[in-house]
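Enquirer: Please read through the structure below; I'll follow up with questions.
The values are calculated or read from the model by the stated rules, or taken from the named source; none is laboratory data. Just so it is clear, the model here is predicted, and its values are computed rather than measured. With ideal geometry, Cβ positions are generated from the backbone for all residues, glycine too; neighbour counts draw on all protein chains shown. Note: areas computed on protein heavy atoms with side chains; ligands, DNA, RNA excluded. Shrake-Rupley method; radii C 1.70, N 1.55, O 1.52, S 1.80 Å.
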Amino acid sequence: MGKILRVNMTELTAKYEDVPEKYALLGGRALTSALVADEVPPDAHPLGENNKIVFAPGLLTGTNAPCSGRLSVGAKSPLTGTIKESNAGGITAQKLASLGIKAVVVEGRPPEDGLHLLVINEDGAELVPAGKFAGMGCYALTRGLWQEYGANSGIISIGPAGEMRMALAGVSTNDREGDPGRYAGRGGLGAVMGAKGLKAVLVRTDKTFDAPVKDPEKFAEAVRKLTKALAEHPVTNQALPAYGTAVLINILNEAGGLPTRNFSSGRFEGAAKVSGEAMAEAVAQRGGKGRTGHACHPGCVIRCSNIIPDAKGEVLCTPVEYESTWALGPNCGIDNLDHIAMLNRLCNDVGLDTIETGVTLGVLMEAGVLAFGDGEAAINLLDREARNGTPLGRILGGGSALAGKLFGLTRVPTVKDQGMPAYDPRAVKGMGVTYATSTMGADHTIGYSVTANILKVGGFVDPLQAEGQVDLSRNLQVATAAVDASGLCLFTAFALLDIDYALPSVVDMINAQYGTSLTVDDVFNYGKEILKTERAFNAAAGFTAAHDRLPEFMKLEKLPPHQVTFDVPNEELDTVFNF
Amino acid sequence: MQVELQLFATLRKYAPDQPLDKGLVMNVEPPLTVSILLEKAGVPLDKVKIIMVNNRHAGFDQELAAGDRVAAFPPVAGG
């Protein structure tokens, strides 16, 4: 049945509790959202003592189900004011699940300033003072903790940005090589951790696949089926391992939906230079430690991650993904792959969400604080200003909506104050519906309409037409909520959408692990319940239909090359949650 | 007439010398469709999943005019 680890930062205690019956079949996002909705008052200040930050592995995490190592992190968001869940790969979630921990709930606030480290091992959990790590970047911190506590430890950490409670601070975990950079990046969760004085959570065990399974034989059969589906689907067996997720740069550019220079165009003339194809070429030419087809956690069979090497073949950054590349590249007019990888590394080290950082940089470039295309200036802004919390660094750290307000701009691509990811809603209208209505502010993973709009996975809905987008986004938001609870990487969804036996195999796994008799229909009801819980929290926090809107400029400014605006009617947006 | 064909991701092996940022410029007599163009370039149609002509999704049967730009992709995804 597992247990919940409750960490009280006011009392400086860490105690195990039994899992209440109502949470028995919740995992990942379902559990973080339920715990936040049940325990955090909707009017709590996100950085105050009444907010809580929850870490939860998914339902299947800690088993040998393929690609099942996701870690969900939830809280009330300091960036959006909504409920928030952001999830990441890396090695930590499997360790938590293998120790029987369904969730770690961190609450309260320390009576005085000071940092702590939460150490979890096979014997128990304790808080230890961590003042010596103050101001330390995630690379040095992770290396230092591996030296002190042992290699292969799972480490959830924040950089200086989280300590300074910046609204775009993310939460990092590490991969098998000990590099940070697997981020629950969105929504300022790092600031919540920082407000609690929690610099890192260290999980010291070599257990990886030790979560209990009630019917191992049936489980193994279902694992074989899902593994086969992932091996058969051309997206998960060819494109992602060969090129990484940045294979999307060229296709979004061809579709005229690659937001360029702060969402002023849908095409970037330098796209090819920063594409997944260009990364694969750099890895092949530079050799050394560079690679494509890298797995972020044991049991990943997709291997979309990469290690981008510098000119000498040393690790420059891992991973460099599509949204990060876009945010720090085309959105800033930057076409130099080494600058982008360095900016990404700095985000990982300082503890910044790459997407929010890139969107904010785009807004600051629009304001003239630095020039579009000036990679060196952007590097300086992250490494000197943000890292040290100078006034300009704090402006960046407040996120894109704040930067837009400070400089009096109207072209500010945010929903619920969260910066939009790498798909312009005017040319990929299904993503516009998702951005507008998401329970978390503008978020791409929560209802990835790019599948049917651009990639022809799970059917085709013309990205330039308003028709059909609401149904597409609704169905994806429901299914995604369930996937986010399972602990499976969202990239399994490409196979789940296209191969008929794939989704039943996931249901079979859950039934075999928990002794339940769920059906495929139950999966969709489960997803709907998660969305209802999140919507209810947001409503109680003051969010209404008026917040489920894109910024006005997207209805007024025509996006080249298609010269389109966002034209899904408001009354249709308001039907997304009619279920 | 002249049209441009750009191949991406795993399809690049059918035009290994094509630079990353430029398509192949091909001279082909009309009437011309996407599938005829791909066959002339030696690209097996069953390897092609997504086609765009002048930045819009298109099918194999779409007729091409002089100056059109065709982009072809295998199954790809990410995010």
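Enquirer: Filtering the range A:1-39 down to residues that are hydroxyl-bearing (Ser, Thr, Tyr) and in a helix (DSSP H, G or I), which residue is farthest from the chain's Cα centre (by Cα)?
Expert: First pass over the range A:1-39, keeping only residues hydroxyl-bearing (Ser, Thr, Tyr): A:10, A:13, A:16, A:23, A:32-33.
Filter once more, so that each one left must be in a helix (DSSP H, G or I): A:23, A:32-33.
Working: A:TYR23: 23, A:THR32: 14, A:SER33: 15 Å.
By that ranking, first place goes to A:TYR23.
Enquirer: Right, another one. Output yes when any residue across the range A:353-363 is within 14 Å of another protein chain (Cβ to nearest Cβ), open to solvent by 40 Å² or more (accessible area, probe 1.4 Å) and at pLDDT 95 or above, and no when none is. Reasoning before the result, please.
Expert: Kept after step one, since they are within 14 Å of another protein chain (Cβ to nearest Cβ), are these residues of the range A:353-363: A:354-355.
Add one more test, that the residue is open to solvent by 40 Å² or more (accessible area, probe 1.4 Å), and what stays is none.
No; the residues of the range A:353-363 include none that is within 14 Å of another protein chain (Cβ to nearest Cβ), open to solvent by 40 Å² or more (accessible area, probe 1.4 Å) and at pLDDT 95 or above.
Enquirer: Give A:LEU490, A:LEU503 a once-over and let me know the one that is touching a helix residue (DSSP H, G or I) at 6+ places or on another chain (Cβ under 7 Å), within 14 Å of chain B (Cβ to nearest Cβ) and open to solvent by 30 Å² or more (accessible area, probe 1.4 Å).
Expert: Numbers: A:LEU503 fails: within 14 Å of chain B (Cβ to nearest Cβ).
A:LEU490 is the lone residue from the list that is touching a helix residue (DSSP H, G or I) at 6+ places or on another chain (Cβ under 7 Å), within 14 Å of chain B (Cβ to nearest Cβ) and open to solvent by 30 Å² or more (accessible area, probe 1.4 Å).
Enquirer: Same structure again: Tell me, which residue of the range B:6-53 that is more than 10 Å from chain A (Cβ to nearest Cβ) and basic (Lys, Arg) is surrounded by the fewest Cβ atoms within 10 Å (Cβ to Cβ)?
Expert: Per the criteria, the residue is B:LYS13.
Enquirer: Only residues in the range A:553-579 that are modelled with pLDDT under 95 count as the first member; pair them with residues that are among the basic types (Lys, Arg) and exposed (fewer than 13 other Cβ atoms within 10 Å of the Cβ), Cβ under 8 angstrom, at least 6 apart or cross-chain, and list the lot.
Expert: Once the first residue is modelled with pLDDT under 95 and sits in the range A:553-579, no partner that is among the basic types (Lys, Arg) and exposed (fewer than 13 other Cβ atoms within 10 Å of the Cβ) comes close enough.
Enquirer: Also: Filter the helices (runs of 4 or more DSSP H) completely within the range A:410-508 down to those with at least 2 residues that are at pLDDT 95 or above. Explain how you work it out, then say what you get.
Expert: Working: elements: A:429-437, A:469-486, A:493-498.
Where helices (runs of 4 or more DSSP H) fall fully within the range A:410-508 and carry at least 2 residues being at pLDDT 95 or above, they are A:429-437, A:469-486.
Enquirer: Checking A:VAL523 against (1) touching a residue at least 40 places away in the same chain (Cβ under 8 Å); (2) farther than 21 Å from A:LEU409 by Cα; (3) open to solvent by 50 Å² or more (accessible area, probe 1.4 Å): exactly one of these is not met. Which one?
Expert: (3)
Enquirer: Please count how many residues of the range A:243-297 are more than 8 Å from chain B (Cβ to nearest Cβ), of a type in the set (S, T, N, Q) and within 17 Å of B:ARG56 (Cα to Cα).
Expert: 2
Enquirer: Given the conditions (1) open to solvent by 10 Å² or more (accessible area, probe 1.4 Å); (2) closer than 24 Å to A:ALA125 by Cα, report the number of the one that A:GLY28 does not fulfil.
Expert: Single failed check for A:GLY28: (1).
Enquirer: Here is a further query. Scan the range A:275-296 for residues that are part of a helix (DSSP H, G or I) and of a type outside the set (S, T, N, Q) and jot them down.
Expert: If the condition is that a residue be part of a helix (DSSP H, G or I) and of a type outside the set (S, T, N, Q), then A:GLY276, A:GLU277, A:ALA278, A:MET279, A:ALA280, A:GLU281, A:ALA282, A:VAL283, A:ALA284, A:ARG286 are the ones that fit.
Enquirer: Sticking with this structure for a sec: Could you tell me which residue of the range B:59-79 is farthest from the other protein chains (Cβ to nearest Cβ), considering only residues that are surrounded by fewer than 19 Cβ atoms within 10 Å (Cβ to Cβ) and closer than 22 Å to B:LYS13 by Cα?
Expert: Here the answer is B:PHE60.
Enquirer: Going by what's in this entry, would A:GLY74 be described as in contact with a Lys or Arg (Cβ under 8 Å, 6 or more places away or on another chain), part of a loop (DSSP other than H, G, I, E, B) and under 27 Å from A:ALA545 (Cβ atoms)? Write out each step before concluding.
Expert: Working: in contact with a Lys or Arg (Cβ under 8 Å, 6 or more places away or on another chain): yes; part of a loop (DSSP other than H, G, I, E, B): no; under 27 Å from A:ALA545 (Cβ atoms): yes.
Answer is no for this residue.
Enquirer: Only one of (1) away from chain B (no Cβ under 14 Å); (2) free of Cβ contacts under 8 Å to residues at least 60 places away in the same chain; (3) out of contact with any helix residue (DSSP H, G or I) (no Cβ under 6 Å at 6 or more places or on another chain) fails for A:PRO234. Which number is that?
Expert: A:PRO234 satisfies every listed condition except (1).
Enquirer: Inside the range A:544-569, can you point out the residues that are part of a loop (DSSP other than H, G, I, E, B) and open to solvent by less than 30 Å² (accessible area, probe 1.4 Å)? Break it down into steps so the answer makes sense when it comes.
Expert: Kept after step one, since they are part of a loop (DSSP other than H, G, I, E, B), are these residues of the range A:544-569: A:544, A:548-552, A:557-558, A:560-563, A:565-569.
Within the range A:544-569, A:ASP548, A:LEU550, A:PRO551, A:HIS562, A:PHE566, A:VAL568 meet the criteria.
Enquirer: Let me ask something additional. Could you grab me the full set of residues in the range A:367-379 that are outside any loop (DSSP other than H, G, I, E, B) and either open to solvent by 60 Å² or more (accessible area, probe 1.4 Å) or touching a Pro at 6+ places or on another chain (Cβ under 7 Å) (or both)? Give the steps one after another, and end with the answer.
Expert: So the first thing to find is which residues in the range A:367-379 are outside any loop (DSSP other than H, G, I, E, B), and the list is A:375-379.
Residue satisfying the conditions is A:GLU376 alone.
Enquirer: While we're here: In the range A:146-203, what residues are farther than 19 Å from A:ILE83 by Cβ and of a type in the set (Val, Ile, Thr)?
Expert: A:ILE155, A:ILE156, A:ILE158, A:THR173, A:VAL201, A:VAL203
Enquirer: Before we move on, is A:ARG224 closer than 24 Å to A:ASN152 by Cβ and open to solvent by 40 Å² or more (accessible area, probe 1.4 Å)?
Expert: Details: closer than 24 Å to A:ASN152 by Cβ: no; open to solvent by 40 Å² or more (accessible area, probe 1.4 Å): yes.
The answer is no for A:ARG224.
Enquirer: Among the residues of the range A:120-165, what is the count of those that are in a strand (DSSP E or B) and of a type in the set (Gly, Ala, Ser)?
Expert: Taking the range A:120-165 first, the residues in a strand (DSSP E or B) are A:120-121, A:124-129, A:154-157.
Imposing the further condition that a residue be of a type in the set (Gly, Ala, Ser) reduces the set to A:124-125, A:154, A:157.
Residues that pass the stated criteria total 4.
Enquirer: Would you say A:LEU370 is free of Cβ contacts under 8 Å to residues at least 24 places away in the same chain and of a type in the set (A, V, I, L, M)? Can you show your working first?
Expert: Working: free of Cβ contacts under 8 Å to residues at least 24 places away in the same chain: yes; of a type in the set (A, V, I, L, M): yes.
Yes: the conditions hold for A:LEU370.
Enquirer: Right, next: Test A:ALA427 against the criterion of being away from every other protein chain (no Cβ under 11 Å) and aliphatic (A, V, I, L, M), and give yes or no.
Expert: Details: away from every other protein chain (no Cβ under 11 Å): no; aliphatic (A, V, I, L, M): yes.
Criteria not met by A:ALA427.
Enquirer: Right, another one. Hey, can you tell me all the residues within the range A:114-142 that are open to solvent by 30 Å² or more (accessible area, probe 1.4 Å) and farther than 20 Å from A:LEU96 by Cα?
Expert: Selection gives A:GLY114, A:PRO129, A:GLY131, A:LYS132, A:ALA134, A:GLY135, A:MET136, A:ALA140.
Enquirer: Might you let me know whether the range A:300-322 holds any residue that is in a helix (DSSP H, G or I), within 14 Å of chain B (Cβ to nearest Cβ) and not small (Gly, Ala, Ser)? Can you show your working first?
Expert: Taking the range A:300-322 and keeping what is in a helix (DSSP H, G or I), we get A:322.
Still in the running and within 14 Å of chain B (Cβ to nearest Cβ): A:322.
When the remaining residues are screened for being not small (Gly, Ala, Ser), the result is A:322.
For the range A:300-322, residues in a helix (DSSP H, G or I), within 14 Å of chain B (Cβ to nearest Cβ) and not small (Gly, Ala, Ser): present.
Enquirer: Could you list, in sequence order, the residues of the range A:402-430 that are of a type in the set (Val, Ile, Thr), open to solvent by 10 Å² or more (accessible area, probe 1.4 Å) and over 20 Å from the mean Cα position of the chain (by Cα)? Show your work before the answer.
Expert: Taking the range A:402-430 and keeping what is of a type in the set (Val, Ile, Thr), we get A:410, A:412, A:414-415, A:428.
The next check asks that each one be open to solvent by 10 Å² or more (accessible area, probe 1.4 Å); those that pass are A:410, A:412, A:414.
Within the range A:402-430, A:THR410, A:VAL412 meet the criteria.
Enquirer: List, please: which pairs have Cβ atoms under 8 Å, are six or more places apart or on different chains, and start with a residue in the range A:14-43 that is over 18 Å from A:ALA75 (Cβ atoms) and end with one that is modelled with pLDDT under 95?
Expert: Taking only residues 6 or more apart or on different chains, the pairs are A:ASP18/A:MET1; A:VAL19/A:MET1; A:VAL19/A:GLY2; A:ALA24/A:MET1.
Enquirer: Here is a check on your reading of the model: is A:ARG394 out of contact with any helix residue (DSSP H, G or I) (no Cβ under 7 Å at 6 or more places or on another chain), crowded, with 24+ Cβ neighbours inside 10 Å, of a type in the set (Lys, Arg) and farther than 26 Å from A:GLY266 by Cβ? Step through it out loud before you land on a result.
Expert: Numbers: out of contact with any helix residue (DSSP H, G or I) (no Cβ under 7 Å at 6 or more places or on another chain): yes; crowded, with 24+ Cβ neighbours inside 10 Å: no; of a type in the set (Lys, Arg): yes; farther than 26 Å from A:GLY266 by Cβ: yes.
So A:ARG394 fails the test.
Enquirer: Among A:GLU321, A:GLU269, A:GLU314, A:GLU281, which is among the acidic types (Asp, Glu) and buried (at least 20 other Cβ atoms within 10 Å of the Cβ)?
Expert: Details: A:GLU269 fails: buried (at least 20 other Cβ atoms within 10 Å of the Cβ); A:GLU314 fails: buried (at least 20 other Cβ atoms within 10 Å of the Cβ); A:GLU281 fails: buried (at least 20 other Cβ atoms within 10 Å of the Cβ).
Being among the acidic types (Asp, Glu) and buried (at least 20 other Cβ atoms within 10 Å of the Cβ) holds for just one of A:GLU321, A:GLU269, A:GLU314, A:GLU281, which is A:GLU321.
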